Amino acid sequence: MKTIILSTLVASSLMASSMVKTATEAGLAPIPASQSELLKLIDNPKNPITDAKVELGKMLYFEPRLSKSGLISCNTCHNLSEGGDDGVSAAIGHKWTANPHHLNSPTVYNAVFFSAQFWDGRDPNLEKQAQGPIQAHPEMSATTEHVEQTVNSMPAYVRAFKKAYGADVKIDFEKVADTIATFERTLVTPSRFDEYLNCCEKAMSNEELEGMKVFIDKGCATCHNGVGMGGSMNMFPVMGQFKHANVGDFKGDANGMVKVPTLRNITQTAPYFHNGTVWSLAEAIKIMGETQLGIKISDKEAAQIETFLGALEGQKPALTMPMLPASTATTPKPQMN
């Protein structure tokens, strides 16, 4: 009996060890365990992360008065209390307007690891991306002047900007977006998958490791790789028709390229695909096999891959709700039109 147990333990240990090499060779990479190494990945040398900027960025992220209506904040569509998205098929914005292209809100968690932002990859970083939704009519529908007047109208914000950037700071729209992006750069979620690749062999179960092997063998890691487990651009579809392609008019960028969504916390970010048409993760896995890889993924294989993806559920940063300053006589009034 002892021999059988020992043999099982040895086999499990060998599998765990061998899968680290397999995963690394397939292009999978962990969120660094070292805070100093992580900072190298998430920091912006042109706007270094500081505690003061992060705290101010968090306030602005939750600030609904940046929107024209005074009702919509970044957190409305990228809810940090759950998957960092909004949980609906198409994003809802100003005047209860659904995204005109029927685009789904991607998660903001781990977006710092992406090489492209937005589904069409039009912006390269979070600083640039943060400017878009604030000004987009179907989203926050604000002007740069509205944002600048709002923030400068509240002494508490002015003091916070001076603390973060120095007494001579010019509080303009770009600086507001940069500060929100600084906060977003800290929204990383290390998982058991990262523990495993960072040399903790017991962090993942044998079933999860088997699922990772299927994930790699089927070719899923061709696009879902790197620290972000996605976030670059690729053709969609590649090998077969996407059966929900008629929902919305989004066709990707000028070359038909679409941002590869991250698989981190994928169990918490349904519905799936750019148009939010699939609610079952197992179904999404099988559709990806058909459209991107030109293969049929069986129910058993989809279940195995889904088991592996559960190991990508990460530890979210501990957040306390920011207390926002009171409006003043010069703060712009909400506009519903």
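Values quoted throughout were computed directly from the atomic coordinates according to the rules given, and no laboratory measurement underlies them. All values reported here derive from a predicted model rather than from experimental measurement. Here the Cβ is made from the backbone with ideal geometry for all residues, glycine too, and neighbour counts use every protein chain on show.
In the range 135-171, what trypsin sites (Lys or Arg not before Pro) fall in a loop by DSSP, with at most 15 other Cβ atoms inside 10 Å?
Filter output for the range 135-171: K170.
Given points 7 Å out from each Cα along the Cα-Cβ axis, report the A329 to D51 separation in nanometres with one decimal.
Computed distance between label sites A329 and D51 equals 3.7 nm.
Using a cut-off of 14 Å between alpha-carbon atoms, which aspartates and glutamates can reach K170, once sequence neighbours fewer than 8 places away in the same chain are excluded?
Straight-distance partners of K170: E145, E148, D178.
Longer than 20 Å from Cα to Cα, which of K128/K163; K68/K162; K58/K163 are they? Say none if no pair is.
Listed pairs above 20 Å: K128/K163; K68/K162.
For the chain, take the longest principal axis of its alpha carbons; what is the angle in degrees between that and the long axis of helix 155-165, to the nearest 10 within 0 to 90?
50
Which whole-number percent gives the relative contact order of the chain, counting Cα pairs below 8 Å spaced six or more residues apart?
25
So I have [x] 83, 45, 29; [y] 57, 44, 40; [z] 78, 45, 31, and one of them is Cα extents along the principal axes in Å calculated from this model. Which one is it?
[z]
Note down the net charge around G84, summing +1 for each Lys or Arg and -1 for each Asp or Glu among other residues with Cβ under 11 Å from its Cβ.
Residues near G84 contribute -2 overall.
So which lysines pass the test for K243, namely a Cα distance under 25 Å, with those fewer than 8 places away in the same chain ruled out?
Cross-link targets: K218, K251, K259, K286, K296, K300.
Helix 173-184 against the longest principal axis of the chain: what's the angle in degrees, Cα atoms only, rounded to the nearest 10?
Here the helix axis deviates by roughly 30 degrees.
Over the range 32-177, calculate the relative contact order: mean separation of alpha carbon pairs under 8 Å at least 6 apart, over the residue count, as a percent.
The value is 22 percent.
For the range 43-184, build the charge dipole from Cβ charges (+1 Lys, Arg; -1 Asp, Glu) around the Cα centre, then report which of L80, L66, H102 sits farthest towards its positive end.
Result: L66, furthest along the dipole toward the positive end.
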